[in-house]
Amino acid sequence: MFLALESRAVKHPLYKRILLKLSGEAFLGEQKYGVDSAACHQIALSIRELAQLGVQVGVVIGGGNIFRGVKATQAGMQRTPADHIGMLATLINGIALQQAFEQIQCESRIMSAITCDVMAELYSWKNALNYLEKGIILIFVGGTGNPYFTTDSAAALRALEIQAEVLLKATKVDGIYNKDPTLYPNATKFDRVTYSEVLASNLQIMDATAIALCRENQIPIRVFNMFNHSLKAAVFNGPVGTLVAGE
């Protein structure tokens, strides 16, 4: 069914349940640091549109707009506490996004991989599935709850756990290229690649652990620019970004 519909857009959502991976940079808007309320509002509106169509949505959030653990370790900080700070940064973004949902009367829950009872519910696989079935949008923060794992790995893990049919990764570019298009004007964009090609060519759109998890469990990944292309189009299997799928 997936392959039959792959080459054309459809009139109804192709997926009933999705996992959307948002980088921290998605929350920057026109700023160089922090959280931009206009960007949060735009993200919330795009996701609400899907929810109104009956699509169940889980969102994994990065924290790079506030803190990057890798840069901190380069400055001498130990990796574990640096990653802990990064997890807290994702919680900040999660709260900001939930407030954006509140402003447009859209029900959501923050579920955290790290304990922070005052601000978020501790992640529970069973509760997550129950919320999704009720049409509640889930905001997953705290990564996997462990240092040394990226939020890309958290996205792949949550996609598996909530039985998502696709992992949508929103980035600053409109898909996967053979080299960085911001540095090389002659970079070539791929419409579709396999998991193995991503790993073998070290395309670095997601970390190897995330790609391997999706390959093993046959979860397609669509990489696209959320602010240049419609999130709705990606869920309707429109020709946006790059599809990472089977061999």
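The values are calculated or read from the model by the stated rules, or taken from the named source; none is laboratory data. Everything numeric here is computed off the predicted structure, so don't read it as measured data. With ideal geometry, Cβ positions are generated from the backbone for all residues, glycine too; neighbour counts draw on all protein chains shown. When the accessible area is computed, the model is the full protein with side chains, heavy atoms only, and any ligands, DNA or RNA have been set aside. Shrake-Rupley method; radii C 1.70, N 1.55, O 1.52, S 1.80 Å.
Note on the chain: dipole from Cβ charges, positive end direction compared against L50, Y148, L122; the farthest Cα belongs to L50. Applying 1/(1 + (r/R0)^6) with r as the Cβ-Cβ distance of N130 and K11 and R0 = 35 angstrom yields a FRET efficiency of 0.75. Each residue of region 39-50 is assigned a 3J(HN,Hα), and the resulting list reads 5, 4, 4, 5, 4, 4, 5, 5, 6, 4, 4, 5 Hz, derived from the Karplus form 6.51 cos²θ - 1.76 cosθ + 1.60 (θ = phi - 60°), x at Gly and Pro. Pairs of Lys residues in region 40-183 are counted when their Cα atoms are under 30 angstrom apart and they lie 8 or more places apart or on different chains; the count is 7. For G64, the residues whose modelled amide H falls within less than 5 Å of its own, excluding neighbours fewer than 5 places apart on the same chain, are G24, E25.
Close amide H partners of I176, meaning residues 5 or more places away or on another chain with modelled amide H under 5 Å apart, are F190, T242. When all protein chains stay in place and ligands, DNA and RNA are ignored, the 1.4 Å accessible-area order of L243, L88, largest first, is L88, L243.
Go ahead and run the numbers for FRET between K179 and F227, Cβ-Cβ distance against an R0 of 25 Å, rounding to 0.05.
Numbers: r = 22 Å, r/R0 = 0.89.
The pair K179/F227 has a calculated efficiency of 0.65.
The convex hull drawn around the Cα atoms of region 140-247, when projected onto a plane and averaged over every direction, covers 7.1 nm². In the set [x] 62, 38, 29; [y] 47, 43, 35; [z] 60, 44, 39, the label that goes with Cα extents along the principal axes in Å computed for this structure is [y].
3J(HN,Hα) along region 188-205: 9, 8, 9, 7, 8, 9, 8, 4, 5, 5, 4, 6, 5, 8, 6, 6, 6, 7 Hz, from the Karplus curve 6.51 cos²θ - 1.76 cosθ + 1.60 with θ = phi - 60°, whole Hz, x for Gly and Pro.
For the chain, a Gaussian network of Cα nodes joined below 10 Å ranks T144, T188, T171 by mean-square fluctuation, and the top entry is T188. Once you put a point 7 Å from the Cα of T80 and another 7 Å from the Cα of S196, both along the Cβ direction, what distance in nm separates them? With each label point 7 Å from Cα toward Cβ, the separation is 3.9 nm. For region 101-131 and region 49-80, what is the centre-to-centre distance using only Cα atoms, to the nearest Å? A separation of 15 Å, based on Cα centres. Using a probe of 1.4 Å, the accessible surface attributed to K71 totals some 140 Å² when neighbouring protein chains are kept in position. Net charge dipole, region 57-170: roughly 320 debye, given to the nearest 20, about the Cα centre with Cβ charges of +1 for Lys and Arg and -1 for Asp and Glu. Of the residues F101, V60, I18, the one whose Cα sits farthest toward the positive end of the charge dipole of region 1-135, with +1 on the Cβ of Lys and Arg and -1 on the Cβ of Asp and Glu, is I18. Rounded to the nearest whole Hz, the Karplus-based 3J(HN,Hα) values (6.51 cos²θ - 1.76 cosθ + 1.60, θ = phi - 60°) of region 220-226 follow the sequence x, 10, 10, 9, 7, 8, 5, with x at glycine and proline.
Accessible area of F227 (1.4 Å probe, protein heavy atoms only, ligands and nucleic acids ignored): about 80 Å². Distance between the C-alpha centres of region 184-236 and region 157-179: 6 Å, rounded to the whole angstrom. On region 46-160, 53 percent of the accessible area sits on carbon and sulfur atoms, based on a 1.4 Å probe.
A simple spin-label model places pseudo-atoms 7 Å from Cα toward Cβ; at A38 and T188 they are separated by 3.8 nm.
Annotation: T182 carries an accessible surface of approximately 100 Å², with a 1.4 Å probe and no ligand, DNA or RNA atoms counted. Each Lys and Arg adds +1 at its Cβ and each Asp and Glu adds -1 at its Cβ; summed about the Cα centre, the chain shows a dipole of about 240 debye.
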